[in-house]
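One structure below.
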Amino acid sequence: MNRIVRIRRQGKKDLWVIIDSVPHLERNKVKEVFTTFSDITLLKHTEFELRESEQKLRAVLNALPDQLFLFSREGICLDAKDNELQSQNFQKIIGKSVFEIFPEPLAQRFQNMLLLTNRTGEIQTFEYHYEYNGKLRDFEARLIRSTEGQILCLIRDITERKRYEIDLQKSESRFRILLESASQAIVLVNVHGRITLVNSHTEQLFGYSRDELINQPVETLLPFSLRGKDHLLNQNKFRQFKTTIPKGSSELSGMRKDGSEFPIEIQLSRVEMLEGPFVMALITDISERKKLESRIRRIEKLEAIGQLAGGIAHDFNNVLAGIIGLSELALRKLTENNPVRENIKLIINKAENAADLVRKLLMFSRQQKIKPQLINLNQVVLSNRKLLQRYLGEDIHLMIHLADDLNSIYGDLSAMDQIITNLCINARDAMPDGGELSLQTSNVQIT
């Protein structure tokens, strides 16, 4: 007979002993009893600590949102944590195989993963769908082999996480569509002045790939002469953009990967993200706008010259009118045989040519009224041939092909001169490297 006894001691720790008693019999009567006392205090304290540790571990496991199973190597459930996700009573689960716990074909999948975990010793993870309370939910199972060869299986409901992942993918897809469909180059820059994101238009505009630009200083997009200077994209300024962003847009010179420079317009905006504040730069190629502005300025200069020419032409026209008038009066007073008549006729002819030039100047300055008349375009082209060749320069060869049976048109002679001249000048501007310009006349019937 044995008994465990707790002995309380005053001012000292309790003592645990095990008492073993063996009776000595003589003639079937107890003559004496042999008793041994064994101190098991240390063993008892170890037992208490182990039980307390087990209780703590059980509390931690119960606090986890996961459903827990402990399987043997053969797939028999040794223990389980009660969870509302499991429809069966967890006491009834213990001792059953995965084929009795889960429906097919999920049970076979669990069995295969148990065998794989037991064979490799590596953590295995897989996801599956399971119907719970009439709704299809997503779960993640993680299998871990213990030192004793048992396999711990943690099952977590990831339905909400999956939904968040899908929403995030949709949001990223919408953002990517907006980013790539933008007609401007979009560059996202962090507070250290380094590029973190670009769109495809940035690649096309500057000639770099995304990988070449990511984590590079934003001043990479500028000419070497501007880097480090005081401008909107100065790398050190982006730390100041945490609080304030310059309003409006600024014009700078951009530089492509091949080293060519071109004018750009930059507009900055502040963007708040999970990683912190960023600056979004909208970059526009304004090369065509600059060309148009230059052309407009040139047109304005031409208009000013035209107005000046118109004022001079009016005064000169008055002088020519006097010369022509006086010459005609002098011609009337001379006899037919007078040798001076030819000189007077030459003066009148030159004055009329000068008057025609004045009329063109007035037409150019829009101060001459249109006078429609029958015009032969062949004559117009031929009369302007030398002037047009001077406009075109030496790099452009002027070819003229005129129809012999060309019909006359009804219009203003000066206007036609100006139209042909403008067409040739536009053609010249379109051929900066020179070429061949062909002027051709023909009869066309329009229906």
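For Glu275, are the conditions met, namely being under 17 Å from Arg239 (Cβ atoms), acidic (Asp, Glu) and surrounded by fewer than 12 Cβ atoms within 10 Å (Cβ to Cβ)? It is true that Glu275 is under 17 Å from Arg239 (Cβ atoms), acidic (Asp, Glu) and surrounded by fewer than 12 Cβ atoms within 10 Å (Cβ to Cβ).
Remark: pairs (first residue in segment 216-233, more than 19 Å from Gly248 (Cβ to Cβ) and in contact (Cβ under 8 Å) with a residue 40 or more places away in the chain; second residue in a strand (DSSP E or B) and of a type outside the set (A, V, I, L, M, F, W, C); Cβ separation under 7 Å; 6+ apart in sequence or on different chains) = Leu221/Gly254. Quick check on segment 425-447: of everything there that is β-branched (Val, Ile, Thr) and closer than 19 Å to Arg385 by Cα, which residue is surrounded by the fewest Cβ atoms within 10 Å (Cβ to Cβ)? Per the criteria, the residue is Ile425.
Within segment 265-307, the set of residues being of a type outside the set (D, E, K, R) and touching a residue at least 60 places away in the same chain (Cβ under 8 Å) comprises Val271, Gly276, Pro277, Phe278, Val279, Met280, Ala281, Leu282, Ile283, Thr284, Gly306.
Considering only residues that are among the polar types (S, T, N, Q) and either closer than 27 Å to Leu222 by Cα or under 18 Å from the mean Cα position of the chain (by Cα) (or both), which ones fall in segment 271-310? Residues satisfying the conditions are Thr284, Ser287, Ser294.
Within segment 198-216, the residues that satisfy the criterion of being surrounded by fewer than 18 Cβ atoms within 10 Å (Cβ to Cβ) and either touching a strand residue (DSSP E or B) at 6+ places or on another chain (Cβ under 9 Å) or within 20 Å of Glu265 (Cβ to Cβ) (or both) are Ser200, Glu203, Gln204, Gly207, Arg210, Ile214, Asn215, Gln216. Candidates Glu160, Glu148: the one that is surrounded by fewer than 17 Cβ atoms within 10 Å (Cβ to Cβ), at pLDDT 85 or above and more than 24 Å from Ile264 (Cα to Cα) is Glu160.
Rundown of residues vs (1) in contact with a Lys or Arg (Cβ under 6 Å, 6 or more places away or on another chain); (2) part of a strand (DSSP E or B), yes/no style:
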{"site": "Glu100", "(1), (2)": "no, no"}
{"site": "Glu104", "(1), (2)": "no, no"}
{"site": "Phe110", "(1), (2)": "no, no"}
{"site": "Arg119", "(1), (2)": "no, no"}
{"site": "Glu131", "(1), (2)": "no, yes"}
{"site": "Glu140", "(1), (2)": "yes, yes"}
{"site": "Glu165", "(1), (2)": "no, no"}
{"site": "Val191", "(1), (2)": "yes, no"}
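Looking only at residues of segment 205-260 that are in a loop (DSSP other than H, G, I, E, B) and hydroxyl-bearing (Ser, Thr, Tyr), we find that the one that is farthest from Ile286 (Cα to Cα) is Thr243.
The set of residues in segment 388-424 being surrounded by 14 or more Cβ atoms within 10 Å (Cβ to Cβ) and among the hydrophobic types (A, V, I, L, M, F, W, C) consists of Leu388, Leu392, Ile396, Leu398, Ile400, Leu402, Leu406, Leu413, Ala415, Met416, Ile420, Cys424. In the condition set (1) under 19 Å from Ile76 (Cβ atoms); (2) free of Cβ contacts under 8 Å to residues at least 12 places away in the same chain; (3) among the basic types (Lys, Arg), Lys135 is compliant with all but (1).
The values are calculated or read from the model by the stated rules, or taken from the named source; none is laboratory data. All values derive from a computational prediction rather than experimental measurement. With ideal geometry, Cβ positions are generated from the backbone for all residues, glycine too; neighbour counts draw on all protein chains shown.
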